[in-house]
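Down below is the structure, laid out as structure tokens.
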Amino acid sequence: MTTPLSYHAYHLALLQSLYDTLRAQSALLEQVPEESNELFMERFNELLEQLEQGDHDSLYLGQDILCQIISRYPQIAHLIPRDLLWYFGGDCLHFMPDEEIAQYQLLDEHRADAEARGEAFDWQQARQLIQSN
């Protein structure tokens, strides 16, 4: 049995995957000037580095980057994992319907309860259970 990733590590892995996907989709990003794409990807990489170092103050940068993906590259906005919109919160929540927000609020309550009991919480498994109901 594998140990579930921490809440932070799980979302960091999703963010890294999104970064890799965007890099691989460079042909789709051509509608924005190349130098603008380079600067955007540099900022995205900085976000990854900050989060890897445990800098949770970078959550605002994450909100900005996800919102920019949606506005700059709408053709690939569907590639953003919904979990990342919830994780970064703020303006990202505007892209989530109320029902979905309610599901994530319930997940956060379950996570807080598990942490209060000193138990490990598998975010991904819990999300799948709630979404299947």
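Values quoted throughout were computed directly from the atomic coordinates according to the rules given, and no laboratory measurement underlies them. Just so we're clear, the structure is a prediction, and the values are computed from it rather than from any experiment. Every residue, glycine as well, gets a Cβ built from its backbone with ideal geometry; the counts of neighbours run over all protein chains shown.
Here are the numbers for this structure:
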read-out	value
Residue selected from the stretch 112-133 under the condition within 17 Å of the chain's Cα centre (by Cα) and in contact (Cβ under 8 Å) with a residue 24 or more places away in the chain, by the criterion surrounded by the most Cβ atoms within 10 Å (Cβ to Cβ)	123
Residue among 103, 53, 75, 63 that alone is of a type outside the set (Asp, Glu), surrounded by fewer than 12 Cβ atoms within 10 Å (Cβ to Cβ) and more than 19 Å from residue 25 (Cα to Cα)	53
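Here's the yes/no breakdown for (1) polar (S, T, N, Q); (2) out of contact with any Leu (no Cβ under 8 Å at 6 or more places or on another chain); (3) under 18 Å from residue 132 (Cβ atoms):
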position: 74; (1), (2), (3): no, yes, no
position: 77; (1), (2), (3): no, yes, no
position: 85; (1), (2), (3): no, no, no
position: 93; (1), (2), (3): no, no, no
position: 98; (1), (2), (3): no, yes, no
position: 102; (1), (2), (3): no, yes, yes
position: 106; (1), (2), (3): no, yes, yes
position: 113; (1), (2), (3): no, yes, no
